[in-house]
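Everything below concerns the one structure shown next.
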Amino acid sequence: MARRPVIAGNWKMHNLQQEAIDLTNGIMQAIREEEKSRLPEVIIAPTFTSLYAANKALKDCGCGKVRLAAQNCYFEEKGAFTGECSVQMLKDTGCEYIIIGHSERRQYFGETDEMVNKKAQAILQNGLIPIICCGESLEQREAGVTDYHIASQITKALRDISSSDAAKSIIAYEPIWAIGTGKTCDSKEANRVISMIRNVVKGLYDENTADSIRILYGGSVKPETIKEQMAQSDIDGALVGGASLKVDSFSQIIKGAM
Ligand code: 13P
């Protein structure tokens, strides 16, 4: 089955509103001439306070080539949860995707597998798409428990989620030791882990679901690495951090995935 590639930019805690508008416009300008059918699905994930501005820039352009994601959400609909944003609020701001379970959220903000699962369910119930992150630490890799750890994260994240919902979800494999370090995971090894994840999905559901779900690689993705990554059998795209903050590098990555 042909899975449409995805290139998603996770801006993390960067960009004030005007910077978000400029970057959004720059990306759209850079891909303006590209055939929509050849483009990968392009997603940007600004921080909460820049979502409105980025969404407005996307709408004003009207080219419909770039989609909006949030970097986090809370699973309850509304209530006394100071500082949190519900899925409905993010949908209201133009988000179609929400990143959940990023290793930085797990590490600094105590996000657990159970929370990731509740968030995934809330996102899908509201008609949005979760980008579910998983990944091992250097210690786990050296201890030889990478596959076990990732399989456990994915199994827990997908608990009580139907096969049709799982099929439209996106998973991002981001080895923690490759994030922001410049040390990209070897493409063949990333592909091996990603096909292992696809196998886990097949075990939880069936072959169709495993063939449909898109699984991205993340961790020091650069314009120079994208072609080799995209040439692998199971890598469906990239979740890009640092290189998504510059029009030049992000648009080169998008074009490298075409
Ligand atoms: P870098 O591309 O900066 O390594 O970040 C990857 C990441 O964490 C994307 O979510």
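Yes/no matrix, rows are residues, columns are (1) at pLDDT 95 or above; (2) within 12 Å of the ligand (Cβ to nearest atom); (3) surrounded by 15 or more Cβ atoms within 10 Å (Cβ to Cβ):
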| site | (1), (2), (3) |
| --- | --- |
| PRO130 | yes, no, yes |
| SER137 | yes, no, yes |
| ASP147 | yes, no, yes |
| SER162 | yes, no, no |
| ASN191 | yes, no, yes |
| VAL200 | yes, no, yes |
| THR225 | yes, yes, yes |
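Look through segment 164-186, keep the residues that are away from the ligand (no atom under 15 Å from the Cβ) and part of a helix (DSSP H, G or I), and return whichever of them is surrounded by the most Cβ atoms within 10 Å (Cβ to Cβ). Selected residue: ALA166.
Can you name the residue in segment 1-35 that is part of a loop (DSSP other than H, G, I, E, B), out of contact with any Asp or Glu (no Cβ under 8 Å at 6 or more places or on another chain) and aliphatic (A, V, I, L, M) and is also surrounded by the fewest Cβ atoms within 10 Å (Cβ to Cβ) among such residues? Selected residue: ALA2. Selection of segment 1-24 for residues being without any contact (Cβ under 8 Å) to a residue 60 or more places away in the chain and either of a type in the set (A, V, I, L, M, F, W, C) or closer than 10 Å to VAL66 by Cα (or both) yields ALA2, MET13, LEU16, ALA20, ILE21, THR24. Quick check on segment 95-113. Is at least one of its residues farther than 30 Å from HIS149 by Cα, open to solvent by 10 Å² or more (accessible area, probe 1.4 Å) and either within 16 Å of the ligand (Cβ to nearest atom) or of a type outside the set (Gly, Ala, Ser) (or both)? The answer is no; no qualifying residue exists.
Just to check your reading of the model, which residue among ARG67, ARG38 is in contact with an Asp or Glu (Cβ under 7 Å, 6 or more places away or on another chain) and either basic (Lys, Arg) or at positive phi (or both)? It is ARG67. For segment 210-217, does any single residue satisfy the condition of being free of Cβ contacts under 8 Å to residues at least 12 places away in the same chain, in a helix (DSSP H, G or I) and more than 10 Å from the ligand (Cβ to nearest atom)? No, there is no match, as no residue in segment 210-217 is free of Cβ contacts under 8 Å to residues at least 12 places away in the same chain, in a helix (DSSP H, G or I) and more than 10 Å from the ligand (Cβ to nearest atom). For segment 205-221, the criterion of being in contact with a Gly (Cβ under 6 Å, 6 or more places away or on another chain), at pLDDT 95 or above and surrounded by 15 or more Cβ atoms within 10 Å (Cβ to Cβ) is met by at least one residue.
Restricting attention to segment 192-209, the residues being in contact with a helix residue (DSSP H, G or I) (Cβ under 8 Å, 6 or more places away or on another chain), part of a helix (DSSP H, G or I) and touching a residue at least 40 places away in the same chain (Cβ under 8 Å) number 8.
Picking from residues in segment 232-258 that are part of a loop (DSSP other than H, G, I, E, B) and within 14 Å of the ligand (Cβ to nearest atom), the one that is least open to solvent (accessible area, probe 1.4 Å) is GLY241.
The values are calculated or read from the model by the stated rules, or taken from the named source; none is laboratory data. Fair warning: this is a prediction, and the values are worked out from it, not measured in the lab. Because the Cβ atoms are built from the backbone with ideal geometry, glycine has one as well, and the counts that use them run over all protein chains shown. What goes into the accessible areas is simple: the full protein's heavy atoms, side chains included, and nothing from ligands, DNA or RNA. Shrake-Rupley method; radii C 1.70, N 1.55, O 1.52, S 1.80 Å.
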